[in-house]
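Visitor: Attaching a single structure in structure tokens format; questions to follow.
Since every read-out is calculated from the coordinates, none of them should be taken as a lab result. Keep in mind that this is a model prediction, so the values were computed, not measured. When we count neighbours, we look across all protein chains shown, and the Cβ atoms used for this are built from the backbone with ideal geometry, even at glycine.
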Amino acid sequence: MLKYPNLFSPIKVGGEIFHNRIIASATGYVEIKDKALPDAAISYYARKAMGGAAAVVIGECQVDHPNGGSRGGACIDLSDFGWRGFLMKLTDRISRNGALASAELCHAGRYSSTGLGPSDGELDNGRQCVAMSEEQILQTIEAHVQAARFAKMCGFRMVTIHGGHGWLPQQFFSPFTNQRTDKWGGSAENRARLAVAICDGIHEACGYDFPVEIRISATEFEDGYDLDGGIEYARQLDGHADIIHVSLGVHGTMRTDRWLEMSPSMFREEGVNIERAAEIKKNVNKSLVAVVASISDPDMMEDIIASGKADFIAMARQLLCDPDTPNKARDGREDEIRQCMRCMSCWSNLMNGFRCAINPETGREDEVLNALPPAKSQKVLVIGGGIAGMQAALTAAGEGHSVTLYEKSPRLGGGILCEENVPFKARTAGYLALQEKLLEKAGVEIKVNQAVTADFAKEQNADVIVVAVGSSPIVPPISGIEHAICANDVYAQPYLAGKKAIIIGAGFVGAELAVYLHRLGTEVELIEQAASIRSDNNRTHGMALSGELRRLDIVPRFNSEVVGIKPQAVVLADGEEISGDTIIYATGQSANTDIALSLAQAAPRVLYVGDCAGSGNIMDAVKNAWTLARTIGRF
């Protein structure tokens, strides 16, 4: 018997059957050449179908190139028949793997290279946008219709109109970007006329058995309309769109913390958009409702469907993190689902193709799906049970090797384990727990409380040693540093911070610690020598973290150097003295190079992964460990 019967109940929409209620929401792919994406892109999208999603949406499909193209965007051009060959191969792969292929129809409007939108105006960056004429509006509707017709010809079995996040249909609906006084502006009916006309036009051209989904934003927050506005948007679309896909936010705003509501960060609650979608569901009668809300938990998904808050769950980042989420939930293996940490690594790596910090296969699906030569079984020792060591051991065991993992401390997890009780890092702790469970299931022999010396390692006669001995916190060379404590110790024992804490260093470790302590009631002073938060190659999370600091009224002291530390105070370079109960340093990590190099001759083949090999963050550690472990016994 299914544990999630509502989530996995089939439903007919138009003439198509969705075999469950999970939609792989739109994500784009940036590498375009000669009117095609690489074959790797086909594997990228097909993998989601293989994982059990009922529909897979192909992101960033332009309907009116170049007039409606997003500036600098790498997009599929549905106005160019030269794309037909590639798109037919893409939809064939998705369909053969049991999912409906949907094309996301996009028009950037006022954010396009031409700047054509509902009204004249000026963007936050000073660029001018120009009001469309009546003729241009009608041409734009027809462009959407012809794009949908072409998509159907190429094997797509539905389309998704991007009418949220500040794209053209939302620009027309929002009274903040539409100041027209003709039939395309003013009342809600007039402002929604463009979106309604596009939906109706596609149905007339492609048939009413061809599902039309439209993504809308439930609210633009203080940058535009509120939830009541989003409800009215949905009411106008009711019965015209088969599925109303409820998201959040608007791009183009300089309020980066609000822009990120489109893909909520770890600082937002689970299912952040569910209740808004539920309100919209109450106010429509004919259209079905899909919700995207940073949902990873199948129990929550089941409740959403069973309670009638929505008819579909749309997922983007969760299916990057674990494309097998649907299959695992259906099979009763929900405890094996790798849940998205909302760390923003995927967003920050977008221009290199989507990547996931903890799923090394994302963006490399072709490497997995294309057969490798069989591996010769090896005896493998993994030294270090942090993120890289755990991934290396798990990958090696999955390739059929005999693996033993040694960790010098009592528990697996490495240095990041100190953050396990931080509420907004709950997914990180869950990921570590899942990795440990999978290691045991894979038959990896785990030895904790056992440091490994070079002599001991040699005695094991391993074929391969994977060195994953990590890094250690840098103790800054500041006079009086003995009066300060390490950030890792405070993460593990936050009571050490006292009533007021001074944190030296505003990288992710220090800035996130400031958020954590503030939430616990500690007054925080954050001091950074640089001019901004050090984003560690994850700019998008840096934006989310900056937004959270603003929300909590934590104002970092940038361009400030600490030159001395007293028992309960720090001295800045300009002579200012700041008092606090506890001084905490969060000034980076240093690779445990000496330990790593001492093991260089301990086996015929020695591999270095993670921080000791210069990885620096979770994503680098995971992909490095996964890649090298797959070479064992093969090359």
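Visitor: What distance in nm lies between label points placed 7 Å from Cα along the C-beta direction at residue 139 and residue 451?
Guide: Using points 7 Å along Cα→Cβ, the separation is 7.3 nm.
Visitor: Return the subset of 408/499; 89/437; 12/425; 328/408; 408/458 for which the Cα-Cα distance in this structure is over 28 Å, preserving the input order. Don't jump to the answer; show the numbers that get you there.
Guide: On the way: 408/499 34 Å; 89/437 38 Å; 12/425 39 Å; 328/408 33 Å; 408/458 17 Å.
The answer is 408/499; 89/437; 12/425; 328/408.
Visitor: What number comes out for the charge environment of residue 34, summing +1 per Lys or Arg and -1 per Asp or Glu over other residues with Cβ under 15 Å away?
Guide: So the environment of residue 34 carries a net charge of 0.
Visitor: Quick one: work out Rg over Rh on the C-alpha atoms of the chain, Rh as Kirkwood radius.
Guide: My calculation puts Rg/Rh at 1.00.
Visitor: To continue, here is another question. When only alpha-carbon atoms count, how far does region 117-207 stretch along each of its three principal axes, as whole angstroms with the largest first?
Guide: Taking max minus min along each principal axis of the Cα atoms, region 117-207 gives 41, 27, 22 Å.
Visitor: Continuing with this model, one more query. Please list log₁₀ I(q)/I(0) at q = 0.26, 0.27 Å⁻¹ for region 577-635, using the Debye equation with identical point scatterers on the alpha-carbon positions.
Guide: For the requested q values the scattering log ratios are -1.13, -1.16.
Visitor: How large is the Kirkwood hydrodynamic radius of region 514-599, in angstrom, based on all distinct alpha carbon pairs? Please list the in-between numbers first.
Guide: Numbers: mean 1/r = 0.0667 Å⁻¹.
This gives a value of 15.0 Å.
Visitor: Working out 0.36 nm times the residue gap between residue 204 and residue 183, then minus their Cα-Cα distance, what length gain in nm do you get to one decimal?
Guide: Computed gain between residue 204 and residue 183 is 5.4 nm.
Visitor: Can I ask one more? Using the C-alpha gyration tensor of region 237-350, what are the square roots of 5 times its eigenvalues, in whole angstrom, with the largest one first?
Guide: 23, 21, 11
Visitor: Place a label point 7 angstrom from the Cα of residue 634 along the Cα-to-Cβ direction, then list the residues of region 360-388 whose backbone nitrogen is under 16 Å away.
Guide: In region 360-388, the label zone of residue 634 (backbone N under 16 Å from the point 7 Å along Cα→Cβ) covers 360-378.
Visitor: In a shell of Cβ-Cβ distance under 14 Å around residue 453, excluding residue 453 itself, what net charge do Lys and Arg (+1) and Asp and Glu (-1) give?
Guide: Within the 14 Å Cβ shell, the charges total 0.
Visitor: Rounded to the nearest 20 debye, what is the charge dipole size of region 431-473 about its Cα centre when +1 sits on each Lys and Arg Cβ and -1 on each Asp and Glu Cβ?
Guide: With Lys and Arg at +1 and Asp and Glu at -1, about 140 debye.
Visitor: Please give the contour-minus-distance gain from residue 327 to residue 461: 0.36 nm per residue of separation, less the Cα-Cα distance, rounded to one decimal in nm.
Guide: Stretched out fully, the residue 327 to residue 461 stretch lengthens by 44.2 nm.
Visitor: What does the charge count near residue 279 come to, summing +1 for each Lys or Arg and -1 for each Asp or Glu among other residues with Cβ under 11 Å from its Cβ?
Guide: +2
Visitor: Something else: Gain in length, residue 572 to residue 627, computed as 0.36 nm per residue apart minus the alpha-carbon separation, to one decimal in nm? Display every interim value, and only then the final one.
Guide: Values: separation 55, 0.36 × 55 = 19.80 nm, distance 4.46 nm.
Taking residue 572 through residue 627 to full extension adds about 15.3 nm, to one decimal.
Visitor: Label residue 375 and residue 552 with points 7 Å out from Cα along Cα→Cβ: what is the distance between them in nm?
Guide: Distance between the two pseudo-spin positions: 4.1 nm.
Visitor: What are the equivalent ellipsoid semi-axes of region 357-400, built from the alpha-carbon gyration tensor (square roots of five times its eigenvalues), in whole angstrom, biggest first?
Guide: That gives 20, 17, 5 Å for the three semi-axes.
Visitor: How far is helix 134-153 tilted off the main Cα axis of the chain, in degrees rounded to 10, range 0 to 90?
Guide: The two axes meet at around 70 degrees.
Visitor: What are the equivalent ellipsoid semi-axes of region 294-453, built from the alpha-carbon gyration tensor (square roots of five times its eigenvalues), in whole angstrom, biggest first?
Guide: Result for region 294-453: semi-axes of 29, 20, 16 Å.
Visitor: Follow-up. Starting from the Cα of residue 33, draw a straight line to each of the aspartates and glutamates and keep only those under 17 Å, dropping any in the same chain fewer than 8 residues away.
Guide: Output for residue 33: 60, 77, 80.
Visitor: So what is Rg over Rh here for region 378-479, counting just Cα atoms and using Kirkwood for Rh?
Guide: 1.03
Visitor: Right, another one. When only Cα pairs under 8 Å and 6 or more residues apart are kept, what is the percent relative contact order across region 493-588?
Guide: Normalised by residue count, the contact order of region 493-588 is 37 percent.
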